[in-house]
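> Could you have a look at this structure, given as C-alpha cells, before my questions?
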Amino acid sequence: MMRNGAIGRAWLGVRLFTGFLLIFFALLPRFSSTYVVYLTIHILILSLFALGFNLLFGYTGLLSFGQAGFYAVGAYVCARILLVRPSLLLGVVGGMLAACLVSLVVGALSVRHTRIYFSMLTLAFGMIIFSLAWKWRDVTGGDDGLVGIPRAPLVLGPLAVDMTRLDHYYSFVFFLAVLAIWFMYRIVTSPFGLTLQAIRDSEVRASFTGIPVRAHRFWAFVIAGTYAGLAGSLLPPLENTVTPPVAHWTTSAEPVLATLLGGIHSFAGPIVGAFLLFVIKDLIVRVTIHWSIVLGITVIVLVMGFRGGVAGVLAGLFQRVVAVKVSRTPEPIPVGSEGEES
Amino acid sequence: MRRMRWTWAPLGGTVLLLLLFSQAFSAPPQCQLGVPAIKLGVQGVASGPHADYGRQIQMGATMAIEEINAKGGILGCRLEMRFMDDENRPATGVRNARLLVTEYGAHFLYGTDSSGVAMALGPVLKELNRIQFFTHAATHRLTEELVAQQGIKQIVRVSAPVYQDAIAAWVFKDNPAIRRWATIGADYEYGYAVWGLFRETLRKFRPDVEFVGAAWAPFLTTDFTPHISAVMAQNPDAIIATPWAGEAVTLLRQAVLMGVFDKIQVWFQAMGGSVDVLEGIAREVQDGRFKGKLWATARYIHNWPNTQTNRAFVERFQKRWSRLPNYSAETTYSAIYITKAAVEKARSLETDKVLAALRGMQIVTPAGLRVFREEDHQFVYTVPAGRVVWSERYNMPVLGDLRIFDPKDYWRWPPFTPIPMGK
C-alpha cells in the first residue's frame, strides 16, 4: 500500500505538471508577444506532424521519408477550400480527409515492404506529390503556390468566431492539438497500439500469434498520414499561403529530426522535439546567419548526449527517482508472518 | 597639501570643461522621429547554392547604412540592421518577417531573392503593416497581382521584374538571319514567363520567326546535357536560357563542351550579367570559347550607366568588400536610399505617410533614374543587354556592345493582362 502510495504520488505529480502545462499554453496569448504565439502555433503543428510520424517510426518500426506528401495534401486541399468557401472548419476537415484518402492509396502500396524498401517507396511517393505541387499550376499555383488564403471564421451553427486575430487562431489550433494528442495517447495505449509495438519488436513472433501484421501497418500508416494532413491543413490559414516546399523531402525530415531529438520511445518525445527544434533554431538565427552549422552541432550534441531523446532521458530519470523512493519506502510487515514462519 | 589641491583644481576644471564641450560637439544629433534608431530588417538567401545573392543583399544594405550613419543618419536617427537567412523557403521568409517586425522592431523590411518567398510575404506584410522593399524577387505577380489587384500597398519593388528578360526580343528583332529560336528554361514560373514574354514581344516585330523547341530544367539541375541535346536537335539559330546563378554557369560550360557555340548564332542568358555568373565563366570568356555569341542582361550591371553616381558606388563597393556589386547589392543599397528620401519627406515612420511620400518619386541611383509607378508600387528603370566580353579594366568578363532601350518599350504597363505563359 505504501509503495503504491509513492507511485501514486509520482503520477499525481505528472498529472499536475501536465495540467499546469495545459493551463500555461491555453493562456499563452494573454501574457506573451504575437511572435511567441505565432511560433507556438508552428510548434503545435510540428508536434502533430511528428506524433503521427512516430506512430509509424517509434511504435511500428517503419521509417517514412514521405510524410511531407500528406502534409502538403492537407495544406493544399485546405487552401483550395478556403479560397472557394471561407469556412475554417471545412478547410481543416477537408484537408485532413484528403490526406487520409491519399494515405489509404499510398499505404496500400507501401506497407507491402519494410525497412529501406519502405523508406524509399515513401520517399518516392512523397516526391511525386512534390512534383505535382510544382507542376500542376492550375491547381497548386506552381512554384509561386497559392496566395491570399483567408484565415476564415470558425462557423459553428449560428456562431461565427473571427479568426483574423492570431490569438483566436492560436486557441483553435491549441484545442485541436490537445484533442489530437489525447486521441493519439488513446491509440498507443490501446490493444491496437500495443500490437503495433509487438510488430515493431518482432514481426515474425507477432505473425505467429495470428496478428495480421500488414493490416496493422496499413492502419498505422493511414493514421500517420491523417495526422500529417491535419497538421498541414492548419498551415495555410496561419501563413495565408502554401508553396511546393511543404511537400519536399526536407519537410519530411522535420518530424524525423523532432522525434529523434525528443525520443522515439517516449509518447511526449515528438512534442518535446518539436519544441526544442523550433526554440533552438529561433535562438540561433537571432545571433548568426550561419545558423545551420550551429544548429547541426547542437542537434549532434543533443542526440549523442541524450540517447533515447531528451524526453526519453527525462522519463528515465523520473522513473529512476520514483524507483528509489519506492525502494526506500519500508515494506509493511504482514500481521502474523513470524508465527507462520516458526 | 592645501596648495597642491588648489594647483590641481583649475587644471581638473579645464579638462572637465573640455570634455563637456567635446561631448556637446561630437554628440549625434537628436533623432527627430522619436525613436532610438531606425531599424531595418533585411533577408535573403544566405545558405545553399544561391547564397551569394543573399550575401550581396547584406553587403549592399551594410554599405548604405554605413554611409547614411556617417552623414548623421535620417533626420538625425541612426540606422540599425538585422540580416536573416530566408533559406529560399517561403515558410522561413514569413517567420523571419514576423520576427523582424514583432521582436526586433523593424520599421522597414528589405531583400528576398525568391519569388516564392516574396509571394508568401505579401499577405503577411499587410497583416504586419510594414513596407518591404523587394530587391531581387522577379515574379510579375508580386506587383501586378498582390499590389495592383489585391491592393497590398506594403509591397514596393526596387528591382526590375521578369519583364526585363523580354529585352532579348528588342536586341535581336532586326537580325533577319536569326529565325529559329529555342529555350532552355528554368522549370518554374520565371522560365515560363520569360519564354512567354519573349515570344509575345518578338512576334510583334517578326512574324517570320519560329519557336522550335523548349527544354525545361528543374531547380538545382546539375546535368543540362539532355536539355541541350533536346534543343539542339531542332537546329535553332538562337537559344534563350533562364537558369540563373550557379546553374547558369554549369549550363554555359556544358554547352561549350558540347560544341553548341559552333552551331548557333546567338545564346541569350537572361541573368547572365550578374557578377557571380560572369566570375564563373571567366576562363571560358578569356579563352574565347563563346566565340562572341553569348549575350546577357541583369537587373543592374556595374559598368552601366557611366555616371558619377554609379562609378563612385562601384568604387566604394570594391573598396569596402573587395568585390564588384551584383544587382541584388545595388537594388538593396538603392532601396535604403529610397527609404531615406521618403522618410525625410514624410518626417515619419508610419507606413501610410511613407507610402504617400513615395508617390511621384524620381530618384537617381547607381542603376540610373528610378521612377515610382503608383499603380503597382514598382520602381521603373532601364538596364541594357550586352555581349559578354573580357574586360582588362575589371580583369573579368563584363557586358559590352551594350544595347539600351527605353523601359516603356519592353516593360509591361497597367492595366495588366495575364502573361501568356510559355510552357
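> What nm value, rounded to one decimal, do you get for the distance between A:Ala26 and B:Trp390 when each label is placed 7 Å out toward the C-beta?
The answer from the label model is 7.5 nm.
> Another question, then. Which value in nm describes the separation of the simple spin-label points at A:Arg115 and A:His168, placed 7 Å from the Cα toward the beta carbon?
Placing both labels 7 Å beyond Cα along the Cβ direction yields 5.4 nm.
> A further question on this structure: Return the equivalent ellipsoid semi-axes of the protein assembly as shown as a descending list in whole Å, where each equals the square root of 5 times an eigenvalue of the C-alpha gyration tensor.
Numbers: eigenvalues 542, 294, 117 Å².
Gyration-tensor ellipsoid for the protein assembly as shown: 52, 38, 24 Å.
> Taking the Cβ of each residue in A:Ile81, B:Ile363 as the centre, tally the other Cβ atoms inside 10 Å and list the residues starting with the fewest.
On the way: A:Ile81 23, B:Ile363 18.
Listing A:Ile81, B:Ile363 from fewest to most nearby Cβ atoms yields B:Ile363, A:Ile81.
> Mind ordering A:38-48, A:121-131, A:287-297 by average Cβ neighbours within 10 Å, highest first?
Values: A:38-48: 22.2, A:121-131: 19.9, A:287-297: 14.4.
My ranking of the peptides, most packed first, is A:38-48, A:121-131, A:287-297.
> Once Lys and Arg get +1 and Asp and Glu get -1 on their Cβ, which of A:Ala180, A:Asn54, A:Leu166 lies farthest toward the positive end of the dipole of chain A?
A:Asn54
> Once the Cα gyration tensor of segment A:31-249 is found, what semi-axes does its equivalent ellipsoid get, as square roots of 5 times the eigenvalues, in whole Å, sorted largest first? Please report the intermediate quantities before stating the final value.
Numbers: eigenvalues 197, 83, 37 Å².
So the three semi-axes of segment A:31-249 are 31, 20, 14 Å.
> Could you work out how far the C-alpha centroid of segment A:91-121 sits from that of segment B:177-206, in angstrom?
Taking the Cα centre of segment B:177-206 as reference, the centre of segment A:91-121 is 40 Å away.
> Now for a separate question. State the Cα centre-to-centre distance between segment A:255-304 and segment B:335-354 in whole Å.
If we compute the Cα centre of each part, the gap is 40 Å.
> Okay, next question. If you count the DSSP beta bridges with both ends in chain B, what percent of them are antiparallel, to the nearest 5? Don't skip to the end; give the middle numbers.
Working: 16 of 53 bridges.
Restricted to chain B, the bridges split so that about 30 percent are antiparallel.
> May I pose another question? Across peptide B:83-92, how many C-beta atoms of other chains are within 10 Å of each residue C-beta, on average? Spell out each step's value before the answer.
Numbers: counts 1, 4, 6, 0, 5, 1, 6, 10, 10, 3.
Across the residues of B:83-92, the mean count of other-chain Cβ atoms within 10 Å is 5.
> Which one of B:Met63, B:Met84, B:Ala166 is farthest out on the positive end of the charge dipole of chain B, using unit charges on Cβ (Lys, Arg +1; Asp, Glu -1) and the Cα centre as origin?
B:Met63
> Just want the answer: with Cβ charges of +1 for Lys and Arg and -1 for Asp and Glu, which residue in A:Tyr117, A:Gly157, A:Leu104 is farthest toward the dipole's positive end in segment A:97-164?
Positive-end residue among those listed: A:Tyr117.
> As an exercise, use a Förster radius of 41 Å and the Cβ-Cβ distance of A:Leu283 and A:Leu194 to find the FRET efficiency, rounded to the nearest 0.05.
Numbers: r = 38 Å, r/R0 = 0.94.
The calculated FRET efficiency here is 0.60.
> Starting from the Cα of B:Lys319, step 7 Å along the direction of its Cβ; do the same at B:Asn306; then give the gap between the two resulting points in nm.
Reported label-point gap for B:Lys319 and B:Asn306 is 2.3 nm.
> To continue, here is another question. Can you figure out the FRET efficiency of A:Val301 with B:Asn175, using R₀ = 51 Å and their beta-carbon distance, to the nearest 0.05? Write out the running numbers ahead of the final one.
Details: r = 62 Å, r/R0 = 1.21.
My answer for the efficiency is 0.25.
> Can you give the FRET efficiency to the nearest 0.05 for B:Thr225 and B:Arg403, using r as the Cβ-Cβ distance and R₀ = 30 Å? Provide the component values of the computation, followed by the final result.
Values: r = 31 Å, r/R0 = 1.02.
In this case the efficiency is close to 0.45.
> Give B:Lys204/B:Lys345; B:Lys319/B:Lys340; B:Lys39/B:Lys153; A:Lys135/B:Lys153; B:Lys204/B:Lys291 a once-over and call out the pairs whose C-alpha atoms are over 32 Å from each other. Present the calculation step by step, with values, prior to reporting the outcome.
Numbers: B:Lys204/B:Lys345 43 Å; B:Lys319/B:Lys340 23 Å; B:Lys39/B:Lys153 20 Å; A:Lys135/B:Lys153 30 Å; B:Lys204/B:Lys291 29 Å.
Correct reply: B:Lys204/B:Lys345.
> Given the DSSP H assignment, sum -39500 (n - 2.57) over each helix run of at least 4 residues in chain A and divide by its residue total; what's the result at 222 nm in deg cm²/dmol, nearest 500? It would help to have the intermediate numbers written out before the result.
Values: 17 runs with 256 residues, N = 342.
Helix-only estimate at 222 nm: -24500 deg cm²/dmol.
All of the numbers you see were taken from the coordinates with simple rules; none came from a lab. Remember, predicted model here, so these are calculated numbers, not experimental data. Cβ atoms come from the backbone with ideal geometry, glycine included; neighbour counts cover every protein chain shown.
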